[in-house]
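Below you'll find the structure, written out as structure tokens, and then a few comments.
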2 protein chains.
Amino acid sequence: MSSLSNATTFETVSVWCVLIIAFLGLGYALLLRSQVLKFDKGTQQMQEIWSSIKGGADAYLRRQLKTILPLIAILTVLLFFSVYIVPPSDEAVERFSNLSEDKIKLVIGFARAIAFIMGAGFSLIVGQFGMRMAVEGNVRVSSASRRSFGEALRIAYRTGTITGMLTDGLGLLGGTVIFIALGVAAPDALLGFGFGGTLLALFMRVGGGIYTKAADVGADLVGKVEAGIPEDDPRNAAVIADLVGDNVGDCAGMAADIFESYEVTIVSGLILGLSLYAATGQLKWIIFPLLVRGIGVFSSIIGTYLVRDSKKGNALTSINKGFYTSAAISLGSFALLAAFYMNEWRAFLSVAVGILLAVALDEVTKHFTDTKHRPVKDIASASKSGSATLILRGIAEGYESAVWQTLVIAVTIMSSILIYWGQGVSFVLYGVAMTGIGMLTLTGNNVAMDSFGPIADNANGIAELSGLDKDSRKVLDSLDATGNTTKAITKGVAIGSAVIAAVSLFGSFLTDVTKIQLGMGASETLFDTGIRISSPIVFVGMLIGACIPWLFSSLIINAVTRAASLIVNEVRRQFKIPGLLEGKVKPDYQNAVDICTIAAQRELLPLAVISVVAPLIVGILLGVEALGGLLGGVIVSGQLLAVFMATSGGAWDNAKKTIEDGAHGGKGSDCHKAAVVGDTVGDPLKDTAGPALNPMIKVINLVSLLAAPILIQYKSTDTGMIVTLTICAALIIGAILYSKKGGFRKAKQTKSL
Amino acid sequence: MSSLSNATTFETVSVWCVLIIAFLGLGYALLLRSQVLKFDKGTQQMQEIWSSIKGGADAYLRRQLKTILPLIAILTVLLFFSVYIVPPSDEAVERFSNLSEDKIKLVIGFARAIAFIMGAGFSLIVGQFGMRMAVEGNVRVSSASRRSFGEALRIAYRTGTITGMLTDGLGLLGGTVIFIALGVAAPDALLGFGFGGTLLALFMRVGGGIYTKAADVGADLVGKVEAGIPEDDPRNAAVIADLVGDNVGDCAGMAADIFESYEVTIVSGLILGLSLYAATGQLKWIIFPLLVRGIGVFSSIIGTYLVRDSKKGNALTSINKGFYTSAAISLGSFALLAAFYMNEWRAFLSVAVGILLAVALDEVTKHFTDTKHRPVKDIASASKSGSATLILRGIAEGYESAVWQTLVIAVTIMSSILIYWGQGVSFVLYGVAMTGIGMLTLTGNNVAMDSFGPIADNANGIAELSGLDKDSRKVLDSLDATGNTTKAITKGVAIGSAVIAAVSLFGSFLTDVTKIQLGMGASETLFDTGIRISSPIVFVGMLIGACIPWLFSSLIINAVTRAASLIVNEVRRQFKIPGLLEGKVKPDYQNAVDICTIAAQRELLPLAVISVVAPLIVGILLGVEALGGLLGGVIVSGQLLAVFMATSGGAWDNAKKTIEDGAHGGKGSDCHKAAVVGDTVGDPLKDTAGPALNPMIKVINLVSLLAAPILIQYKSTDTGMIVTLTICAALIIGAILYSKKGGFRKAKQTKSL
């Protein structure tokens, strides 16, 4: 660790160990891959269906790359040249004091650009590679279900673990490499790293979310509701798109989302740790989060490997065993770290609070969305007076769950205040960042559990389409049900960690702006004044910030309904083909896949523009303090709205399942019809709009952090700023119009809903 | 004006003139009453139906009084004795410098208590008297419809104007009397006045909202959906409860709500004006808002009187003529005031911005809820793929409208910043308060327009039940449609003014806390530090604050569905009575009325407890700055949520109307069925949960203002505070449990939904 002169041998060695653990995680992922690929892909018919899914997935991934790569290229160049507007930090100058000023600029410019590419690239790899593996896994799970439950479970979980270990390994690798290379100058590049990952996650979340729900809602509306054929019926032209969608949304989207939270917490942890290092001279505040992460990855490797053949029907027990093993190893190691390295317990407590937080959020999520508890039962029972009361009940429960989840977050921040009582804001913010790191300790296990969901779901779909026997179906049904539970748990962690990550970014914003202001010789910094919502202009910023998640959600929901209507038309068109409904003619699955792919990519751009440009406009027009208000507004309103949508959607889904399992008349009853309406309303809320808010909140925070130096240096009277502002405003208006018209190119086609 | 020594003769005379105008307004209301009562009540059958409605309304009002009066009594006593904890302000001591310290306490104690009674009492009068008049008016409108359109319109509008002038007159009277009596000591009592009005408005809004929607949803679910009989069919036992509900919700609830905004804007205007007076020595900052209000009332009297017989079918034109006349008189007079009294234009500009704001909010509301514009058309068209897509579309439009409405508020605050550029926060806050006053200038006209709605609606209901001829029905249908439009317009103004009023209260909080801190010799006041959301504890306060509107809405929606299920059971029970469905036996209307009345009152208490106790807990535990954060959170999240619910609900309602008017297959089609589901979902959102947030936000602000002196004086370590805290926490938990169980007493009965 050439970059930090005062590191002890233990510190130097252990940071290198963390790097080795990162590679270990990646090696473990490759090992699992080769294990999974050895299994057979089943009958001819299964392989045929599978190749349709694979074709659809590949098409989506290719198109996604084509849309995103040019943008990454442009942003990379911009970030490189940004050093000529935002000069390297004092720390960077100190770190490379042996170089000339021009050379330092070049080095830092490269560092920013490469870090951005790393962030974006890693996020892409997690999403794309993970999804490809999920597609490889599903048919093998399906095939294994004909032999034994244990084998099917093992393949499904191991395939999921590949994505999990990629998330872990790449997240750890990026942060550690940047830290080793740059030392105290790391924040300069870390922001680029975070921004790259978050932006890509936003793309994959939004694109995946629109794709999956357009296919799902579209297929259901014509298939189940209009034509009265079952789910996953091969006559439905959208059935393959639906299966592809599960991978695109739940696998690629979710993995990229969690990867980004994982990344952002380490970014803000390091930035806040560095500010403590600057204040106290103690290196341990920076080393600690890296070690915690390393330990987490290591224990995930062990824990996930323990999930193997179990007694039939006990998938969840086996998965949980792995999870608790990992948790125990982590907590024990953290305690050792606290006792023998940190020589104090506060940082340990923060991390432990993070683990508790994950558990608490999980419990709240379960209470409101699990079929065993009152809320879902009440919602199901409200179906007796029709879909309207069922929906109202779901809305009320969703509202309430948003309250409890937010209060849990409030208690978490409160405990950070208590842990660092009397130590000042910097310590408290550091504590919040450590809570985030604690919460995501077992990301490997979490992502494995989550990816397990769509793999089992797809395996079941392949079994249905290829007519597997009853015994195999039973195995797969059981795995599928387990998958639904694990997906719900991960979703809770994803939202909670997103908010905690956003709060630590908010803290980084404060620290960073202050540093810049001090560097410019300002007499009063943002740290002194704070972000005062009692100042009218900051209040205005907060109002604007609070609006963004609502605007974003509105545009996304419309995008889904629009895309779904295209699918509806397509399936209707194909139903009219003679012989298709009789099963004599195969529908054209590819066309439905194409429609979803195009629709999902088309809607991405305006949403990304809003997230990137809105903070710039507010920052330029109203100043950095108002921008701070905006960040506060985005976090608070985004959190409540995201949880509401995720919970209501999940609860409606499970209310429907409760009825399908026999309550209130069972399948086909009036109650069931009411519940299907609720589920359809909930689908885009829980799988598209809600989850998309996670990366969106963080993109806004990171853009603000990146732009802060420019905003502080230039006044709003500056001509350059006025030009920038006009361009920004034009971009936003263009984006909203574009989005509302469903993309100008395809405006006509979308009129049909 | 004995209280202000440096008032000019013009100022003294004009304040007394304002008082006279207040009495003029009240006299005008009495005049209109005697005019309306002279008209006949129609046939025997009409009078029979009417007396059922009147009976139901009376029962509700009596029961409401019985629930509320004890609480008012307790709070009055508390406020009187509060002087022994929160001593009179320095201004009060100065004002009554001729009295001994003990006597000053006595006087101020009385002032607080009486002001509270005045606020609560006036609010009650507006609600109760206005509703009684509406009930008197409806049958007379029904009867007049048999003669001429012009006569029916005149009666309906005049009856509405009675409520409007009561709101105007009493609001103006209270503020002016307190100001004349106490002068610079007025804030001591003004807060009590505001609190009384707001608390009562909360009760009437929530109670009325639950009543009206329980009856409406309940009646529709069994009548229209299950039994397939038309709306307002006399065989439906809930039909009278439904008609009573229109008065309870739209008339009493809305009038009390607007009265309270009217009152609170003058309260915060005077408090902020007094702080400017203290800073500049210029009395004009206090006199100006009073004069503006006086002029507004005067021009409302003239404008509303101009609404009379018009050409058939042109009700809205006639009403608008009156509105624009009032607006023109007001604006002209304000300009004169600015030129010859204020000798500057800034305050005038603020008031003008308020009027523009009302217009802008109105336009946004219309765009999203009017049948003529794209959003409602799109929602109606989404019914083609079923109720799920219709609901999703409505949610998306509601989200978006919340964004635009909030941005309009942001622009308003921004313009206040620009108008008072370089003048400091106090002036900007004063400007925001003046904007609120400007917005509510024409409250007389607005409330008249709003009350017109339920009167026309009820008149139509009476006509349906008593089988009036086609021509009369045509007249009433036209009036009813106009009423729907005017109601929607007022709703937009009500929400917007609530937020502006809350923002000025938030400003008063800052000013007031600072004054107390200065009085106690604090070295650093809240005005110096500001409310810094960058401080973790304030951020926690903001998170908690942002939760409250969501919790509140969740509890209210559940309360409505619970009460509606009771009505469903009751109507079902009565349908089984032999002969009832054949029309041979009359149903027992009274029972349905009783169920609604009891349910509405039962659910009030927990909601009131949450609004009152939550700010106290945060204030005690986390301090005044965190309490400031809470207020910011409540305003921001409450505004977005309230607009979303109001707009989505309104849009679904009108989407249904669009289809009923013949689009997409018209009445009875599948599209219509889908739209009915949307409308039923929207009903409790737009008429109960959404509007209830207005007074709730302000109750929280006022409680914080009232409690601030206590919170500053006592530390959280104090035993007394711990006791208070425990009681508060127990109250909140009790309230949530009570509310979730639907009241302990009736817990069993409510299991049935």
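Every read-out reported here was derived from the displayed coordinates using simple, explicitly stated rules and does not represent laboratory data. Just so we're clear, the structure is a prediction, and the values are computed from it rather than from any experiment. Here the Cβ is made from the backbone with ideal geometry for all residues, glycine too, and neighbour counts use every protein chain on show.
Observations on the model:
- Tensor-based shape of region A:317-454 (alpha-carbon gyration tensor, a/c under 1.5 rounded, otherwise prolate or oblate): oblate
- Expressed per residue, the C-alpha convex hull volume of region A:414-494 stands at 81 Å³.
- Computed P(r) (all Cα pairs; region B:561-614; 10 Å bins; percent): 21, 38, 23, 11, 6, 1
- Rotationally averaged projected area of region A:81-233 (alpha carbon convex hull; nm²): 12.5 nm²
- From the C-alpha gyration tensor of region A:15-168, square roots of 5λ in Å: 43, 20, 8
- Label geometry 7 Å along the beta-carbon vector: A:GLU231 inter-copy distances in nm: 3.7
- For region B:166-206, the mean projected area of the C-alpha convex hull, equal to one quarter of the hull surface, is 2.8 nm².
- Distance from region B:183-204 to region B:115-139 (C-alpha centre basis), Å: 17 Å
- Checked against a 25 Å cut-off, the cross-linked pairs B:LYS105/B:LYS515; B:LYS213/B:LYS667; B:LYS105/B:LYS698; A:LYS384/B:LYS576; A:LYS656/B:LYS491 give Cα-Cα distances beyond that limit for B:LYS105/B:LYS698; A:LYS656/B:LYS491.
- Relative intensity, log₁₀ I(q)/I(0), of region A:151-246 from a Debye sum that treats every alpha carbon as a point, q = 0.18, 0.24 Å⁻¹: -0.93, -1.11
- C-alpha center-to-center spacing [region A:261-313, region A:490-552] in angstrom: 24 Å
- Peptide A:551-561 shows a mean partner chain C-beta count of 5 within 10 Å per residue C-beta.
- Under the Debye formula (equal points on every Cα, no solvent term), log10 I(q)/I(0) of region A:182-310 at q = 0.17, 0.18, 0.19 Å⁻¹: -0.93, -0.98, -1.02
- Put simply, region A:451-590 fits an ellipsoid with semi-axes of 53, 23, 12 Å; these come from the alpha carbon gyration tensor as the roots of five times its eigenvalues, largest first.
- Each distinct pair of alpha carbons in region B:9-752 adds a 1/r term; the inverse of their mean, the Kirkwood radius, is 25.9 Å.
- Across the alpha-carbon set of region B:229-369, the Rg to Rh ratio works out to 1.10, Rh being the Kirkwood radius.
- Length-normalised contact order of region B:9-752 in % [C-alpha pairs under 8 Å, at least 6 apart]: 20 percent
- The convex hull drawn around the Cα atoms of region B:315-394, when projected onto a plane and averaged over every direction, covers 7.2 nm².
- Considering all C-alpha pairs of region A:524-631, those separated by over 22 Å amount to 55%.
- Net charge contributed by nearby residues that have their C-beta within less than 10 Å of B:ASP233 (K/R +1, D/E -1): -1
- Whole-Å semi-axes of the protein assembly as shown's equivalent ellipsoid (Cα gyration tensor): 53, 41, 27
- Distribution of pairwise C-alpha distances over region B:583-654, 5 Å bins, in %: 3, 12, 11, 12, 14, 15, 12, 8, 5, 3, 2, 2, 1, 0
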